[in-house]
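Worksheet: one structure, shown below.
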Amino acid sequence: MMMIGWNTRQPKERSTRAMAPCIVGGVGVALLLVLSGNAYAQPPIASPEGAQNGYVVHHTADLGGRIANVTGSGSMYDTLVNLHSGPRVLGETFTMRPVDTLKHPLFDSLTAFSSGFGGDPNNFAKLDLSKGKIYEFGGTFRRDRQYFDYDRLGNVNVTGLSVPYGMTAGVPTAAALPWAQENQSPVMFNTVRRMTSNDLTLLPLSVVTFHVGYSGSIFQGPTLSPGRSIGKNDSLLMEYQRNSTDDFTAAVDWKPLQHTKLTFEEQIDHYKADSYFTLPASAFTVQEADGTPASLGNFDALSAPYATSACNTASMGSAYTSATTYTILSAPTTPGGRPVINPACDVVTSYMRSQPTRVLSPTEMFRFQSTSIRNVAVNGDLRYSVSNSNMPNYYENFTGLDGVIRSATLTGAASVQRRVVGLDYGMTWNATRTFALSDLVDFSNVHQPGTANISAGVTQNTAALTSGSATINYSGPLASGAAYNVTGNPNGTPLWGYYGQKSLTNTATATWDATTRATLSLSYRYRTRGIVQGNVTTPGSFEVDVNQNAGIFNAALRPTNHWDINGTAEVSYDDNAFTPVAPRQLQHYRIHTMYRPKPWATLSGAFNDLERHNNTNNTGTASVDGPLQHVDHSRIVSLGAALAPTDRVGFDLNYSYSDVYTSTNACYLNGATTALPGAASTNSSGGPNICPNTAGDWGPVKDFMDAPTQYASVALALTPTKRFHSDIGYRISSVSGNQFFNDAQEVNGSLQSAYQSPFVKVAWTVHPGLIWRAEYNYFGYGEGGPSGAPFCSTSTSATAVVVPCNSPTLTGPTGLTEPSSGLTAPRNFHANNVTLALHYEF
């Protein structure tokens, strides 16, 4: 059990939390100067009751804290909830307005409010100022912390694996290094975004109006990044992200006529990426003889994770006698220390990759809108942008041992330019009082050429393998070796790439007010897109042209004064697709209704069905898996009721059902071994279903995922007296889905889960302006029973034996024999959260 007290679990947040008093204090000092300066500049004036120095001031504060108790998976709790114990500034508001007798005030209205400071993952603060016809100012600050660690995502099922210290006549020694199952997601992250936005409008009611603005954000924090080949094997990397943006805006509005406005706007966006990659501390599972920590890599191994194939056997000395008698590891030199690896075996002792990137994107935009011509409304914009992205200093280095390589370093640079011309234009003509025609045109033309020149890896090598000195502790002179290449960078050859896309969309609509209670509209949309890709390694270019025809029908009905219905049906067809899962055929149906039988009762319902198909091959190229037959849909039905028969009782009820489904024909490789069975499929005769187009693959099969989800909430609001108010409710989201399993150890996980949260809220008005509040929330998350592939095999061949995955003949684990969490750590949790607060107004 994990007990959370008043001290937060994440001490790194303290520096950020300490900013909250500074922000609040800064606002307070600024307001004090405004008030005091205003007081000195003017003679005392008579103020109405509640006014201070000629301003009416109103302030509220919600101060309190949370107490959180979490049992089960703390990582999953932080992923879904992430509310922890501690004191909080739950909310604060401040308003000022001058009294009528105050002459020449600095502002006519000032409002400020904030919430979440003191440790909550989401903080928000906003300040608004305005002065009649002179200016309007708005500023916001937001801070979001997002923690994510769903340990099934990207994880590799490894169980029962270990690296024996050695072999004697082919028999493993008793000592072994466990190859532990990862119990966190290889794509885990714990990041923070800080966002600031400020906008100033001068002369908002004048013929000419000026706008200036600035917004900036910083995104930073540690994340995991899987699957990078370093030295001999793949490694799990730690990425320390630090990306920021600075966006500047300046605009001028000109209103030459009463109903016409022309705008010229300049936007300048600057992006900085300063992330870097290294190895996490958990990767260093062994050490060299001198105590240097070392990583074996191969975190995603499914069979023997490390053997003499990763060692220079000619340099292992007495540790290697033959292919069946050898020693790789020896006992730790200190109690509880890491095993010591033979110095002739491949390891990584350090790794660093940095690729700082800068992007500058200036955009000029001209916008217009007008209703000056009778019965005609027009609006549109023309924009042009040239973005330059540069990575001036690419650096990648690993040290350790990879055969004879002791270190490898790659350097280089890359640059990309993106040019965009865009145009949007719309016009509506009210031909009669009941009939209107409109047309909307969207055009975009993108050109994006780029180059990358990353050097072939410069290596420093030990002596030749046959000399017996190909070890990590070789202290003689190192020699430059052959070029060290990584995927996509053959011998450091400069790479050139190009991407271009031109699109034009025209939508024509006719709207008819059939009656005062019915409005009907019909639209026709034509869209054409041309996409071009090219690179220096593939002669010519890859070009795809896509043409779409679509029809859209919309009806807005009002059968009675208290009943509204709005529905849309859209059908489209594309003659091509850029990706295999892009839709060739699309159908989208939406309907929403609201009924108010009584002033105190509102009933609502909605239906949304999106169907997308690609039943043929995109770009005219046949897939090795046969026709794609891709189908996906998203269907949502929701119902709601809000009842308030008296001012003392209110009732709210909501229910929704959604189903997200996708499927595509595919072949798959199960990677089966005797010790670790793989998922298999059977043909119509019950034999192995082997893919005819690719050797050793199973299929083709219908690769699918289905996630039907039900959500319900109910809440009761009670106000028995003017001083007491309470809310009691319950929320639940339940998923009963399934998927195709191409991994025999995979389980459904969140596809069979329930997340529920009952709550109770009470508020007691001690006296006007002083309210005591308390809130209790229960958060519970759980996943369903065993699930997994129905059929398994220990080989991939036309003569493979296919058996049920829960068959006793299988020695390795499968989804049907594992716990519901699979091989990773359980994700179930429940938590009790209590929030106490005092609301004070003055």
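See the values below:
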{"quantity": "Flag for D120 being of a type in the set (D, E), open to solvent by less than 50 Å² (accessible area, probe 1.4 Å) and outside any strand (DSSP E or B)", "calculated": "yes"}
{"quantity": "Top-ranked residue in the stretch 181-212 [being of a type in the set (G, A, S) and surrounded by fewer than 17 Cβ atoms within 10 Å (Cβ to Cβ); ranked as farthest from the chain's Cα centre (by Cα)]", "calculated": "S206"}
{"quantity": "Residue count for the stretch 290-318, restricted to those that are open to solvent by 20 Å² or more (accessible area, probe 1.4 Å) and in a helix (DSSP H, G or I)", "calculated": "6"}
{"quantity": "The stretch 420-444 - residue that is under 11 Å from T507 (Cα atoms) and hydroxyl-bearing (S, T, Y) and, of those, least open to solvent (accessible area, probe 1.4 Å)", "calculated": "S438"}
{"quantity": "Tally, over the stretch 132-141, of residues that are more than 35 Å from the chain's Cα centre (by Cα) and open to solvent by 50 Å² or more (accessible area, probe 1.4 Å)", "calculated": "2"}
{"quantity": "Failed criterion for A112 (all others in (1) surrounded by fewer than 18 Cβ atoms within 10 Å (Cβ to Cβ); (2) in contact with a helix residue (DSSP H, G or I) (Cβ under 7 Å, 6 or more places away or on another chain) hold)", "calculated": "(1)"}
{"quantity": "Pair list, Cβ < 7 Å and 6+ apart or interchain, from the stretch 55-79 residues that are surrounded by 18 or more Cβ atoms within 10 Å (Cβ to Cβ) to residues that are of a type in the set (S, T, N, Q) and modelled with pLDDT under 95", "calculated": "S75/Q184"}
{"quantity": "Qualifying position, being among the aromatic types (F, W, Y) and free of Cβ contacts under 8 Å to residues at least 60 places away in the same chain, among F277, F284", "calculated": "F284"}
{"quantity": "A470, sole failed condition from (1) open to solvent by less than 30 Å² (accessible area, probe 1.4 Å); (2) at pLDDT below 90; (3) over 42 Å from the mean Cα position of the chain (by Cα)", "calculated": "(2)"}
{"quantity": "Residue within the stretch 676-698 that is crowded, with 17+ Cβ neighbours inside 10 Å and under 30 Å from T568 (Cβ atoms) present", "calculated": "no"}
{"quantity": "One residue from T538, T515 being among the polar types (S, T, N, Q), over 30 Å from V441 (Cβ atoms) and at pLDDT 95 or above", "calculated": "T515"}
{"quantity": "Any hit, the stretch 349-357, residues being basic (K, R), open to solvent by 20 Å² or more (accessible area, probe 1.4 Å) and in a strand (DSSP E or B)", "calculated": "yes"}
{"quantity": "Test: residue in the stretch 230-253 that is of a type in the set (S, T, N, Q), closer than 19 Å to F398 by Cβ, in contact (Cβ under 8 Å) with a residue 24 or more places away in the chain and open to solvent by 20 Å² or more (accessible area, probe 1.4 Å)", "calculated": "yes"}
{"quantity": "Options V158, V163; residue that is under 30 Å from D300 (Cβ atoms), at pLDDT below 95, assigned to a strand (DSSP E or B) and open to solvent by less than 30 Å² (accessible area, probe 1.4 Å)", "calculated": "V163"}
{"quantity": "Long-range neighbours under 8 Å by Cβ, at least six apart or interchain, first residue under 28 Å from S75 (Cβ atoms) within the stretch 826-842, second assigned to a loop (DSSP other than H, G, I, E, B) and charged (D, E, K, R)", "calculated": "R827/D151; R827/R152"}
{"quantity": "Residue in the stretch 142-151 that is part of a loop (DSSP other than H, G, I, E, B), out of contact with any strand residue (DSSP E or B) (no Cβ under 9 Å at 6 or more places or on another chain), within 25 Å of N833 (Cβ to Cβ) and open to solvent by less than 40 Å² (accessible area, probe 1.4 Å) present", "calculated": "yes"}
{"quantity": "Hey, N670 in a strand (DSSP E or B), modelled with pLDDT under 90 and touching a strand residue (DSSP E or B) at 6+ places or on another chain (Cβ under 6 Å) or not", "calculated": "no"}
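The values are calculated or read from the model by the stated rules, or taken from the named source; none is laboratory data. Since the model is a prediction, treat every value here as computed from it, not as a measurement. Because the Cβ atoms are built from the backbone with ideal geometry, glycine has one as well, and the counts that use them run over all protein chains shown. Accessible surface areas use protein heavy atoms only, side chains included; no ligands, DNA or RNA. Shrake-Rupley method; radii C 1.70, N 1.55, O 1.52, S 1.80 Å.
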